1. I'm checking my understanding of the structure. Among residues of the stretch 1-42 that are of a type in the set (Ser, Thr, Tyr) and closer than 18 Å to Glu61 by Cα, which one is nearest to the chain's Cα centre (by Cα)?
2. Does Ala210 meet the test of being modelled with pLDDT of 95 or more, surrounded by 13 or more Cβ atoms within 10 Å (Cβ to Cβ) and not charged (D, E, K, R)?
3. Inside the stretch 240-258, can you point out the residues that are buried (at least 16 other Cβ atoms within 10 Å of the Cβ) and either in contact (Cβ under 8 Å) with a residue 40 or more places away in the chain or hydrophobic (A, V, I, L, M, F, W, C) (or both)?
4. Suppose we filter the stretch 139-173 for residues that are touching a Leu at 6+ places or on another chain (Cβ under 7 Å) and assigned to a loop (DSSP other than H, G, I, E, B); how many remain?
5. Does Ala199 satisfy the criteria of being surrounded by fewer than 18 Cβ atoms within 10 Å (Cβ to Cβ) and closer than 30 Å to Asp124 by Cβ?
6. Of everything in the stretch 72-116, what is of a type in the set (Phe, Trp, Tyr) and over 25 Å from the mean Cα position of the chain (by Cα)? Give them in sequence order.
7. Among the residues of the stretch 82-89, is any modelled with pLDDT of 80 or more and small (Gly, Ala, Ser)?
Amino acid sequence: MTPARDLSRLLEIMAALRHPQTGCPWDIEQTFASIAPYTIEEAYEVADAIGRGDLVDLKEELGDLLLQVVFHARLAQELGAFDFGDVVEAITSKLVRRHPHVFGDARALSADAVRALWGKIKADEGTERRRHRQMQDPVQSSALAGIPAALPALSRAAKLQSKAASVGFDWHDVRPVLAKINEEIGEVTHALDSRDSSAVRDEIGDLLFAVANLARHAHVDPEDALRCANAKFEHRFRYIEAALERRGKSPQESTLEEMDALWDEAKRAARVSSDPPADALAGRPAHGDGAGKSPMKTIEAIWGNADG
């Protein structure tokens, strides 16, 4: 087979890879469960390319993620459940259904009316999903149903909180959330003083859950915020290592005070330098109200927060 821009060629290649007699042995033995980790990994690699502002890499990673969709669809087709066309039909139907102000008759709606209509559509869809889940499994009728257990813990915390908020279990503003964080910090301190490792784990978990709730109230993706913090720490620590190397020293041979001073120097250097292409691609403007927002915010604006 030769490369092509036609999506049908990708489907043909996937079918050939899965052919029982002439396909690839590795591809043939895969299942939904065995490739699920690769699907998650590819999604993160897409996010990483966006964060780095690397459009060349983004093209490659989007292709890898698309392959995962095609792979899962092929597995389902072999089981007689659905095929890739059904996947496309489902998502196009959802897009049209959720945008009657674009594809339907409701073209003259105000922004407030669009939001109200959007909320009603999602509520109706949620009711139908819960009814279907209850028929399959009564446990799945919970308002918290449908949140994948394999999600990163911070993301799952935010989605659990959002689901609970959708039925009214939520604070109306951020002040009680901040108070809860302060309360949890006190409980962590108490657990540390007691030297109870199990209690320390539980209380730190409660603190992280409360911080995820703060991120949700602030319309910040907690995973994205932590990724940014990780990148910031890595950049500054590498700055320290490079500065010490220029002095003929290693971190082990340096004092904490010396490294702290270099840390502050790295912070000052970061303030006077920026990477506009990466910021623009990641949806994080260097200035203005949009600074620091996750690139997922645009998607959440379309699909709604955490409801799928």
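The values are calculated or read from the model by the stated rules, or taken from the named source; none is laboratory data. Keep in mind the model is a prediction, meaning the values are calculated, not measured. Ideal geometry is used to build each Cβ from the backbone, glycine not excepted, and the neighbour counts take in all protein chains shown.
1. Step one: list which residues in the stretch 1-42 are of a type in the set (Ser, Thr, Tyr), which gives 2, 8, 22, 31, 34, 38-39.
Okay, now just the ones that are also closer than 18 Å to Glu61 by Cα, so 38-39.
Numbers: Tyr38: 15, Thr39: 13 Å.
Top of the filtered list is Thr39.
2. Working: modelled with pLDDT of 95 or more: yes; surrounded by 13 or more Cβ atoms within 10 Å (Cβ to Cβ): yes; not charged (D, E, K, R): yes.
Considered against the rule, which asks whether it is modelled with pLDDT of 95 or more, surrounded by 13 or more Cβ atoms within 10 Å (Cβ to Cβ) and not charged (D, E, K, R), Ala210 comes out as yes.
3. Ile240, Ala243, Leu244
4. Of the residues in the stretch 139-173, 2 are touching a Leu at 6+ places or on another chain (Cβ under 7 Å) and assigned to a loop (DSSP other than H, G, I, E, B).
5. Details: surrounded by fewer than 18 Cβ atoms within 10 Å (Cβ to Cβ): yes; closer than 30 Å to Asp124 by Cβ: no.
Answer is no for this residue.
6. If the condition is that a residue be of a type in the set (Phe, Trp, Tyr) and over 25 Å from the mean Cα position of the chain (by Cα), then Phe82, Phe103 are the ones that fit.
7. Yes, the conditions are met somewhere in the stretch 82-89.
Results for (1) charged (D, E, K, R); (2) loosely packed, with under 12 Cβ neighbours inside 10 Å; (3) in a helix (DSSP H, G or I); (4) touching a residue at least 40 places away in the same chain (Cβ under 8 Å), shown as yes or no for each residue.
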position	(1), (2), (3), (4)
Gln21	no, yes, no, no
Ser34	no, yes, yes, no
Thr39	no, no, yes, no
Ile50	no, no, yes, yes
Val56	no, yes, yes, no
Arg74	yes, no, yes, yes
Thr92	no, yes, yes, no
